[in-house]
């Protein structure tokens, strides 16, 4: 079993599983990556880590910076996780009708005291993001 020094190091180390039933008629073996085994529960963890790495490398994201994402799903969870580990602020704008869904509630659970969960109407989103 692998031991990682950070939860971010575990991203991408998902199991590879032989798909024996689907590919039994084929002359080759088929395999699938179980991306749900990423720390945030989705392949979007890879995207979130890559986006933050590139933003840091290009100077767009600096220590103490803020990540803003309009999401009610896996990308927001992944970005919030990276932000929490690396010490960034994160603002996830969640559509009002989706704010009660289990995935949206996860933002609150993984957030730091500096993170904010916002929800409202699409007009409100535009005004809020413009004022940041």
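Rule-based calculations on the coordinates, nothing more; no lab input. Nothing here was measured: the structure is a model prediction, and the numbers come from that model. Ideal geometry is used to build each Cβ from the backbone, glycine not excepted, and the neighbour counts take in all protein chains shown.
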Stretchable slack from residue 43 to residue 68, in nm (0.36 nm times residue separation minus alpha-carbon distance): 7.1 nm
Arrange the following residues from fewest to most other Cβ atoms within 10 Å of their Cβ: 29, 56, 69. 29, 56, 69
Going by how many other beta carbons lie within 10 Å of each one, how would you line up 81, 54, fewest first? 54, 81
If neighbour count is taken as other Cβ atoms inside 10 Å, put 8, 26 in order from fewest to most. 26, 8
Extending each Cα 7 Å along its Cβ direction at residue 10 and residue 58, get the distance between those two points in nm, one decimal. 3.0
